[in-house]
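K.L.:
There's a structure below that I have some questions on.
The values are calculated or read from the model by the stated rules, or taken from the named source; none is laboratory data. Just so you know, these numbers come straight off a predicted model, no measurement behind them. Using ideal geometry, Cβ is built from the backbone for each residue, glycine included, and neighbour counts are taken over all protein chains shown.
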Amino acid sequence: MATVKTIAIIGATGNMGSAIAKSLSKKGNYRLLLMSNEQDKLVDLKTQIEKSSRSTEVFAISCAREASWEADIIIVATPYEAEKEVAEKIREVATGKIVISISNPLNSAYSELVTSTDTSAAEELQKLLPNSKVVKTFNTTFAADFLSPIIDGKTADAFIAGNNGEAVEMVSEIVATAGFNPIVAGDLSVSRTLERMQLLLIQLTMKNNYNWLAGWKILHN
Ligand SMILES: NC(=O)c1ccc[n+]([C@@H]2O[C@H](COP(=O)([O-])OP(=O)(O)OC[C@H]3O[C@@H](n4cnc5c(N)ncnc54)[C@H](OP(=O)(O)O)[C@@H]3O)[C@@H](O)[C@H]2O)c1
């Protein structure tokens, strides 16, 4: 029998962190280590997950380094601006591990990205964590989509970009467990496109009142 992988979620009490944690707990495929600075919210989230999914082992941990040390896979669910600080804390214990970048480096007006066009948040995280396998995903899915990734009758796509084949495969399984359709989009530099796709979706969502329930779907034969 395959061993259950352990996933640490850094920033677990945020919109995305909590949505990912709840969604990954549904099938009991993973052991979850939830990390946040907000202990009360963290304990609430752990209790909610334990009530709804008795088959998932879930732990609340107040230290990013400790959570990452115990994990096979680390999801950084903090704002882009906090990633340097998080990376410094987890660098040594994330060696050889998969680190998932979900961030979109938006400016405060949501009118542009703060990164230059020749890089991406994911590539910047890879530079900060040179001995880890950074994989981009879940940046084009809104937090609210995780409750039901079926939008307008279709399963929303979640794109995956990374340089390590095995890591990309493992992340595809995580994406499928969360109920999204995994699409491997290319190497980590494709994150430049994926992060701009979400900038556009956010702008269209605000303009057209999609209520933050929107996603990408490639239609094909
Ligand atoms: N919201 C979405 O629909 C969406 C969709 C796709 C991708 N994303 C990306 O997902 C990431 C998180 O977004 P969000 O909307 O979930 O933000 P959020 O609700 O503000 O949550 C951010 C989380 O990160 C924690 N955090 C902040 N600084 C930290 C630090 N230095 N160390 C440890 N934890 C820290 C926060 O805890 P404290 O409150 O204690 O600071 C909070 O738990 C962003 O990069 C965003 O671009 C968001």
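K.L.:
Can you run down the residue pairs with Cβ atoms below 8 Å, 6 or more apart or on separate chains, where the first is in segment 135-149 and free of Cβ contacts under 8 Å to residues at least 12 places away in the same chain and assigned to a loop (DSSP other than H, G, I, E, B) and the partner is among the polar types (S, T, N, Q) and near the ligand (Cβ under 7 Å from one of its atoms)?
P.N.:
none
K.L.:
How many residues are within 13 Å of the ligand (Cβ to nearest atom) and either in contact (Cβ under 8 Å) with a residue 24 or more places away in the chain or touching a Gly at 6+ places or on another chain (Cβ under 7 Å) (or both) if we restrict to segment 24-49?
P.N.:
8
K.L.:
Further question: Only one of (1) in contact (Cβ under 8 Å) with a residue 24 or more places away in the chain; (2) not in a helix (DSSP H, G or I) fails for ILE174. Which number is that?
P.N.:
(2)
K.L.:
Next question. Being of a type in the set (S, T, N, Q) and within 15 Å of the ligand (Cβ to nearest atom) is the filter here; which residues of segment 179-192 pass it?
P.N.:
Taking segment 179-192 first, the residues of a type in the set (S, T, N, Q) are 181, 189, 191.
If the condition is that a residue be of a type in the set (S, T, N, Q) and within 15 Å of the ligand (Cβ to nearest atom), then SER191 is the only one that fits.
K.L.:
Select, from VAL190, VAL168, the only residue that is without any contact (Cβ under 8 Å) to a residue 60 or more places away in the chain, in a helix (DSSP H, G or I), β-branched (Val, Ile, Thr) and within 18 Å of ILE75 (Cβ to Cβ). Working first, answer last.
P.N.:
Values: VAL190 fails: within 18 Å of ILE75 (Cβ to Cβ).
Going through VAL190, VAL168 in turn, just one is without any contact (Cβ under 8 Å) to a residue 60 or more places away in the chain, in a helix (DSSP H, G or I), β-branched (Val, Ile, Thr) and within 18 Å of ILE75 (Cβ to Cβ): VAL168.
Residue-wise test of (1) more than 22 Å from GLU81 (Cα to Cα); (2) modelled with pLDDT of 95 or more; (3) among the acidic types (Asp, Glu).
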position	(1), (2), (3)
LEU113	no, yes, no
LYS136	no, yes, no
ASP157	yes, yes, yes
GLY162	no, yes, no
ALA167	yes, yes, no
GLY179	yes, yes, no
ALA185	yes, yes, no
LEU188	no, yes, no
ARG196	no, yes, no
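K.L.:
Looking at segment 128-145 only, could you name the residues that are surrounded by fewer than 24 Cβ atoms within 10 Å (Cβ to Cβ) and closer than 19 Å to LYS26 by Cα?
P.N.:
PHE142, ALA143, ALA144, ASP145
K.L.:
Let me ask something else. Could you say which residue among ALA19, ALA2 is of a type in the set (A, V, I, L, M, F, W, C) and touching a residue at least 12 places away in the same chain (Cβ under 8 Å)?
P.N.:
ALA19
K.L.:
Looking at ALA60, ALA12, ALA19, ALA67, which one is outside any helix (DSSP H, G or I) and either touching a Gly at 6+ places or on another chain (Cβ under 7 Å) or within 11 Å of the ligand (Cβ to nearest atom) (or both)?
P.N.:
One residue alone meets the criteria, ALA12.
K.L.:
Another question, if that's okay. For segment 41-77, which positions are of a type in the set (Ser, Thr, Tyr), at pLDDT 95 or above and either closer than 12 Å to TYR30 by Cβ or surrounded by fewer than 20 Cβ atoms within 10 Å (Cβ to Cβ) (or both)? Steps first, answer last, please.
P.N.:
Within segment 41-77, the subset of a type in the set (Ser, Thr, Tyr) is 47, 52-53, 55-56, 62, 68.
From what is left, the residues that are at pLDDT 95 or above are 47, 62, 68.
Of everything in segment 41-77, those that are of a type in the set (Ser, Thr, Tyr), at pLDDT 95 or above and either closer than 12 Å to TYR30 by Cβ or surrounded by fewer than 20 Cβ atoms within 10 Å (Cβ to Cβ) (or both) turn out to be THR47, SER62.
K.L.:
Under the condition of being more than 22 Å from ASN163 (Cα to Cα), outside any helix (DSSP H, G or I) and under 18 Å from the mean Cα position of the chain (by Cα), which residue from segment 79-109 is nearest to the ligand (Cβ to nearest atom)?
P.N.:
PRO79
K.L.:
Next question, about the same structure. Does segment 32-40 contain at least one residue that is surrounded by 24 or more Cβ atoms within 10 Å (Cβ to Cβ), in a helix (DSSP H, G or I) and hydroxyl-bearing (Ser, Thr, Tyr)?
P.N.:
Scanning segment 32-40, I find no residue that is surrounded by 24 or more Cβ atoms within 10 Å (Cβ to Cβ), in a helix (DSSP H, G or I) and hydroxyl-bearing (Ser, Thr, Tyr), so the answer is no.
K.L.:
Follow-up. Could you tell me how many of the residues in segment 151-165 are surrounded by fewer than 22 Cβ atoms within 10 Å (Cβ to Cβ), touching a residue at least 12 places away in the same chain (Cβ under 8 Å) and either hydrophobic (A, V, I, L, M, F, W, C) or assigned to a helix (DSSP H, G or I) (or both)?
P.N.:
Selection size over segment 151-165: 1.
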